[in-house]
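Coordinate-derived values only; no laboratory data. Keep in mind it's a predicted model, so treat the numbers as computed, not measured. Glycine also receives a Cβ, built like all others from the backbone with ideal geometry; neighbour counts cover every protein chain displayed.
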Amino acid sequence: MSKLIRSVYILGQEDDVVFSKEYARSESKSDLVEFLVNLAQFLKSVDLEGQTEFMNVSISRIFYAQRDMFTFVFIADKADDTVQIEDKMTQLVDTFMNEFANLATAKQPLDGFDAKVDEIAVTMVKVAILGFAGVGKTTTLHLLRGETLPLVHDPTIGVSIKRLPEEVQNANIVLWDLAGQSRFSILWAKMIANAQVVVIVTDSTLENVLRSKKLVSLVKEEVPEAKVIGIANKQDLPTALTPERVGQILAIPTYELVAIDISYRDRLIQIIRKAILEGKAETRAA
Amino acid sequence: MPEAAFVVQLDDYHGFVVKKRYPSTLTLTEKALNLVFYEHQKGVEEIQELEVEGMRIASFTADAYPGWTVGFVLGSDEVLDSISKEISGMGRFMLELMSQDPESVDIAEILEKKSTMPSLAEEQLCAQIYLTPSSALLLERLHTEVVESTAKLSMWLKSQVQADSVDLVEAITPLMDSGLVKVEMVGKTLETAFLLKDLFAYRAPPVESFSKAEVVAPGVAAEYREYISKFFSPEPPAVGYNPTLPIDDPNSPILEDREKISKIISNTVQYEVLKSLRERPRSVSEISEHTAFPERVIQNALWAMEAERIAAHFEKQDVWVLITDPRMEVFFPEYVLPVLTRKLEERKVNSDTARRYLELLIQTWSE
C-alpha cells in the first residue's frame with residue numbers, strides 16, 4: 001500500500017506551525033522547525049506552480065508544496081516511493097485547503113483534521129492469516145500480539161481483525177485471522193483482498209499440507225501481488241513434516257513455528273518484516 | 001418499526017466499520033457483524049434475517065453498494081415477511097445516501113419517516129447498457145443478427161474491441177437485466193442470445209410538467225415555454241434536437257447524448273428528482289419532501305441536471321423545471337421477424353431456435 005511518512009508539518013503565513021504530527025522519531029524537532037521556517041521563507045520567493053517538490057537531507061527526503069499562504073511539508077524515507085508520497089501530499093493539500101484553511105486563517109482549532117491526516121499519511125499493511133480449521137491461525141495471531149493463549153478453543157467466526165501492537169518496518173500491521181472452517185471458505189477470496197502479505201498456516205501433517213496447496217492457488221489468483229509465506233506449525237508434534245518439506249509441497253517460502261511457544265514471536269515478526277520488504281522491492285521492480 | 005439500525009462497511013484494511021448506528025448505545029460485536037456478512041455471502045437475497053446475541057437482525061445488501069450492509073434490529077412482535085419491502089426500501093435509501101452525502105444520514109429520522117427508495121426502475125436498468133460500452137456494441141450487433149450463439153457473439157466482440165480479455169458475460173448482463181435479451185440453451189450445446197426488445201434513448205419534451213406549470217407556477221410558464229422551444233425547435237437557422245436522425249448523420253444527437261442521459265438516469269437520486277419534476281415544477285424543498293432525500297443532496301442533483309440541460313431554475317420564483325425529459329423507451333423490434341425468416345432460409349439458425357425465438361417473443365409481448 002502506501003509508503004511511510006514520518007512527519008507532517010503545515011506552516012502558516014507568519015511561518016508559524018499551524019499543524020504538526022510525527023509518526024516516527026526524526027531529527028531534533030526544534031532544529032527541524034527552524035529549518036522548515038527557513039524553507040517556507042525561501043519558498044515565498046519561488047513559484048512551485050502547485051507542484052510538490054522534494055530535497056534529500058541525510059537519510060530523509062523532505063517533500064514540500066505551497067498553496068496560498070500555507071506551506072506543507074512531509075518528511076519521509078529516502079527509499080520510499082516518490083510518486084505515492086506526492087499523491088498523498090496532493091490529497092493532504094486539497095483536504096486542508098477545502099475544509100480547514102479558513103479555520104487556520106482565523107486561528108481556530110482544526111477539529112477533525114488530525115484524523116484526516118491519519119487517513120492520508122499512515123501506512124497500513126494488511127497481513128491475512130489463512131489455513132484450514134485447527135491449524136493454529138488464531139494461536140499465531142495471539143503469538144504475534146504477545147497475548148496469553150485462551151484455555152478454551154473458540155473457533156473463529158468469519159474473520160478476526162487485530163493490530164500488531166508495534167510497528168513493523170515503520171508501518172501499522174493489521175492482521176486478518178480468517179476462520180478456517182469449510183463453511184467460511186466462501187469468505188476467503190473477499191477477505192484477502194488487498195492483503196500485502198498472506199500467511200498460510202499448516203499443522204505440518206502431510207494431509208493438511210496437501211490440502212493447503214489449494215489455498216496457495218486461491219491466494220495467487222485473488223491477490224497475485226501479495227507476498228505469500230507458509231508456516232509449518234506444530235513442529236513440536238512427532239508427525240510434523242519438516243518446514244523444508246512443507247515449503248517444497250506448497251512451493252512457497254515456509255518457516256517453522258510452534259505457535260504456543262512465545263520464544264517464536266520475534267522470529268515470526270522478522271519473517272513478516274522480510275515479507276513486507278520483499279513485497280515492496282518486487283512492487284518497485286515491477 | 002425496527003428498534004435499532006446500523007450501517008456497516010467491510011473495509012479491506014480495517015474490517016467491519018460501523019459507520020452509523022441508532023441508538024448510539026447500540027453495541028455490535030465483531031462476531032455479530034461477521035455473521036450478518038456471512039449470511040449474505042451464503043445467499044443471493046437482498047434481505048436476510050438472523051438471530052444473533054439475543055437480537056433479531058434483518059439485514060440488507062445490494063450489488064450496487066459492494067461491501068455495505070444495513071442491519072435492522074427487529075422488535076419482538078415484528079415479522080420480517082410483512083415489512084420486508086419497507087426494510088429493503090429503507091436499507092437502499094440509507095446506502096444511497098451514504099454514497100452521496102454520509103453526513104446527512106440520520107437513521108432515527110429515516111426510521112421514523114419510513115423513508116424508502118425503490119429498487120432500480122426499468123429505465124435505470126436500460127441506462128446501464130449505454131454505460132457499459134461493450135453492451136451497447138452487442139446491442140448494435142443484435143440489431144442486425146437478432147439471434148446469435150453466444151460463442152459467435154463472444155468472438156465478434158473480441159474482434160471489435162481487439163482484446164482477448166473481453167468478457168461476454170459482463171457485456172451481456174445489462175442487456176439481460178433490462179429484459180432486452182434472453183440467453184438460453186437451445187438443444188444441449190447451443191447457448192443462444194435472443195433479442196426480445198429494442199431500446200431508444202432520447203430526450204422528450206416535458207409535456208406533463210409544462211401543462212402543470214401553467215396551473216401551479218403560472219409566473220414561469222411563458223419563460224418555461226421559451227426554454228423548451230429553444231431546445232427542441234429554435235428559430236432557423238439553428239437546428240433543434242432531433243433524436244430520429246440516423247446515428248451516422250453528423251447532426252445526430254443520439255450517440256453523444258445518450259451516455260449523458262444514461263448517467264443522469266442511472267444515478268438514483270437524480271432519477272428520483274427527474275421523476276418528481278416530470279410531474280410538475282417544484283422547489284428544492286418540495287422535491288425533498290417528495291423524494292425524502294435531504295435538500296443538500298437534491299440541490300447537488302439539480303445542479304448536475306442543469307449542467308446537462310435537463311433541469312432549469314427560475315430564481316425569482318425559486319422553482320425548478322424540466323426542460324428536457326430523458327427517456328429510455330423500450331419497444332417491440334418488429335424487424336426481427338424478416339431477419340429470422342432469412343436466417344432460417346439460409347440455414348443460419350435451425351428450426352428449434354426459430355421456434356423458441358417466436359415463443360419467447362410471444363411470452364414477452366403477449367400481455
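What the table below lists for this structure:
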item	result
Residue among B:139, B:27, B:40 farthest towards the positive dipole end of the stretch B:15-139, charges placed on Cβ	B:27
Most mobile of B:209, B:288, B:229 in a GNM of chain B (Cα contacts under 10 Å)	B:229
Mean residue ellipticity (222 nm) of chain B, computed from DSSP H runs ≥ 4 via -39,500 (n - 2.57), nearest 500	-15500 deg cm²/dmol
Longest exposed-site-free window of chain B, the sites being trypsin sites (Lys or Arg not before Pro) in a DSSP loop that have at most 12 other C-beta atoms within 10 Å	B:1-187
Charge sum, other residues only, whose C-beta stays under 13 Å from residue B:283's C-beta, Lys/Arg counted +1 and Asp/Glu -1	-2
Loop trypsin sites (Lys or Arg not before Pro), the stretch A:33-112 (other Cβ atoms within 10 Å of the site Cβ: 10 or fewer; DSSP)	A:107
Sparsely packed chymotrypsin sites (Phe, Trp or Tyr not before Pro) within the stretch A:181-276, loop by DSSP, other Cβ within 10 Å at most 13	none
Cα centroid separation - the stretch B:263-339 against the stretch B:31-68, whole Å	33 Å
Gyration tensor (alpha-carbon) shape descriptor, the stretch B:4-113, a/c threshold 1.5	rounded
